[in-house]
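Asker: Okay, handing you the structure first.
The values are calculated or read from the model by the stated rules, or taken from the named source; none is laboratory data. For clarity, every value in this text was computed on a predicted model and none was experimentally measured. No Cβ is skipped: glycine too gets one built from the backbone with ideal geometry, and neighbour counts run over all protein chains shown. Accessible surface areas use protein heavy atoms only, side chains included; no ligands, DNA or RNA. Shrake-Rupley method; radii C 1.70, N 1.55, O 1.52, S 1.80 Å.
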Amino acid sequence: MALRVALFGSGIFATTNHAPVFQHSPESFECVGVWSRTFANAQALATTLRTEPYSGDQGAAELLAREDVQAVVVCLPLDVQPTYVRMAMAAGKHVLSEKPIASTVAAAQALLDEYHADFKPAGLWWSVAENYRYEPGFQQAAQLGAVAIGTPVLLELAVHSPMNKENKYYHTEWRREPSWRGGFFQDGAVHFVAAMRMLAGSDPVAVTASTSHRAPHLPGPDTLAAVVWFESGVQGVVNISFAVPNRKFELSITGTAGKVQVVRGVDGEGRHGYAVHHATYEPEADIKAIESTSVVHPFAGVPSEFAAFATAVAAEPEERANVDANGAEEALMDLAFIEACIQSGDNGGQVVQLSY
């Protein structure tokens, strides 16, 4: 039976990514209502999804009061999203909210504590949508990194994500003029952190970072360079910028017997995704790889994370964390790393310890 959901949000990502999941998976999801702060926006998306529009405070209360709504998908501006996550859970609904979990670790921890105290014991499941955890490219890379490179030694992440004035996300006011310190890092870079943690197979425990504000049209900081220590002993180097003009994504982990690298790629049918390169090396030999493979995996993270959420909702409460990798605790750890980098950069590169 399809999971009956209400969609809170009618912005770019809700329209271009969430709505198609409902349209293409009627056996798994039935969207029974769309809420937005303005009725016109709610009506436009509701028309596309052939469902009912709601708006304003009264509309939100009415939609959440519907007994046929089993779950709520929340895709709203970051400064207000936690409020609606709390409202949905208080109404007895399972929640899938967009990343990041909140604008600050303190706000995220407070909401997570409330979830564990009041809502999880009532049988509710809260998932924070992080599609990178469900991208097939990152999943394959993590599997290879765990068994096919010897002992992991060094992780490297380099991301150039130009946020120029033509970018559609630049024109969302809450991203361009945030109420939190960190600019686009909270909203965009948590993706990269999720992938980093997957490939490392371990969580970061300390970081030192240099941050800067290079693009006048962006909120600062917009660029960082960091050195990371992981619980496993792996060391890492992370460079991320929203201010540079070229696009780049490279994530790799090198071990004593091989290397796994993930980059953006296009498959033979022209579909964009992530290319996974794996090479193994002869111990004590030169740098020539003795075996090398490359596979391009088309993007598939959003539909897969929605499917995992639906499976978790249907599962026994004690099994949900085993079938949905996007439990809210994971999102908190992604955000904590970003906040630690910014804190370190604000304090001249001071080493910041992470605890979860």
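Asker: Out of every Cα pair in the stretch 148-201, what percent are spaced more than 17 Å from each other?
Answerer: Cα-Cα pairs of the stretch 148-201 separated by over 17 Å account for 50 percent.
Asker: A further question follows. Tell me, what % of the accessible area of the stretch 24-97 is carbon and sulfur with a 1.4 angstrom probe?
Answerer: 48 percent
Asker: Ordering D57, D113, D267 by how much accessible area each has at a 1.4 Å probe, largest first, what is the list?
Answerer: From most exposed to least exposed: D57, D113, D267.
Asker: Considering only protein heavy atoms, what is the solvent-accessible area of M333 at a probe of 1.4 Å, reported in Å² to the nearest 10?
Answerer: 20 Å²
Asker: For the chain, what's the relative contact order in percent, using C-alpha pairs closer than 8 Å and at least 6 residues apart?
Answerer: 18 percent
Asker: Which angle from 0 to 90°, rounded to the nearest 10, does the C-alpha axis of helix 105-114 make with the longest principal axis of the chain?
Answerer: 50 degrees
Asker: Also: Hey, can you find the accessible area per residue of the chain for me, probe 1.4 Å, expressed in square angstrom?
Answerer: Roughly 44 Å² per residue, with all protein chains present.
Asker: Sticking with this structure for a sec: What distance in nm lies between label points placed 7 Å from Cα along the C-beta direction at T47 and Q235?
Answerer: Going from the T47 label point to the Q235 one covers 5.9 nm.
Asker: Kindly flag which residue pairs out of K93/K165; K99/K165; K165/K259; K93/K168 have an alpha-carbon separation exceeding 26 Å in this structure.
Answerer: Going by Cα-Cα distance, K93/K165; K165/K259; K93/K168 fall outside the 26 Å limit.
Asker: Using a 1.4 Å probe, how large is the accessible area of T48, given in Å² and rounded to the nearest 10?
Answerer: About 80 Å², ignoring ligands and nucleic acids.
Asker: Not counting the cut sites, what is the longest span of the chain without GluC sites (Glu not before Pro) that DSSP labels loop and that have at most 14 other Cβ atoms within 10 Å?
Answerer: Formally, the longest exposed-site-free interval is 68-165.
Asker: Give me the angle, in degrees from 0 to 90, between the Cα long axis of helix 190-200 and the longest principal axis of the Cα atoms of the chain, rounded to the nearest 10.
Answerer: Roughly 50 degrees between the two axes.
Asker: In whole Å, what are the extents of the stretch 213-356 along the principal axes defined by its C-alpha atoms, from largest to smallest?
Answerer: 51, 44, 35
Asker: Could you give me the percent of Cα pairs per 10 Å distance bin for the stretch 1-155, shortest bin first, beginning at zero and ending with the bin that holds the maximum distance?
Answerer: Bins of 10 Å from zero give 10, 36, 31, 15, 6, 1 percent of pairs.
Asker: Could you give the spread of the C-alpha atoms of the stretch 85-202 along their three principal axes, from largest to smallest, in whole angstroms?
Answerer: For the stretch 85-202, the Cα spread along each principal axis is 48, 41, 24 Å.
Asker: In addition: What is the sum of charges, Lys and Arg at +1 and Asp and Glu at -1, for the other residues whose Cβ falls under 14 Å from the Cβ of F249?
Answerer: Summing Lys and Arg as +1 and Asp and Glu as -1 gives 0.
Asker: Right, something else. Hey, what angle do you get for helix 328-346 against the long axis of the chain, alpha-carbon based, 0 to 90 degrees rounded to 10?
Answerer: The helix 328-346 is inclined about 60 degrees to the chain.
Asker: Please compute the modelled spin-label separation between R247 and V295, points set 7 Å along Cα→Cβ, answer in nm with one decimal.
Answerer: 2.4 nm
Asker: Considering the dipole of the chain built from charges on the beta carbon (Lys and Arg +1, Asp and Glu -1) around the Cα centre, which of V85, S202, A146 is farthest to its positive end?
Answerer: Value computed over the given set: V85.
Asker: Let me ask another. Using only the Cα atoms, work out Rg/Rh for the stretch 173-240, with Rh taken as the Kirkwood radius, to two decimals.
Answerer: Reported Rg/Rh (Cα atoms, Kirkwood Rh): 1.02.
Asker: Restricting the count to DSSP beta bridges whose residues both fall in the chain, what percent are antiparallel, rounded to a multiple of 5?
Answerer: Bridges in the chain that DSSP calls antiparallel: roughly 65 percent.
Asker: Could you point to the label whose value was computed as Rg and Dmax of the Cα atoms in Å for the structure here, given [x] 20.7, 70; [y] 46.0, 154; [z] 25.7, 118?
Answerer: Looking at Rg and Dmax of the Cα atoms in Å for this model, the match is [x].
Asker: Okay, next question. Give the ranking of K120, K259, K99 by solvent-accessible surface, highest area first, calculated with a 1.4 Å probe.
Answerer: From most accessible down to least: K120, K259, K99.
Asker: Still on this structure: Want the number for T151 to D79: 0.36 nm per residue separation, take away the alpha-carbon distance, what's left?
Answerer: Length gained, T151 through D79: 21.8 nm.
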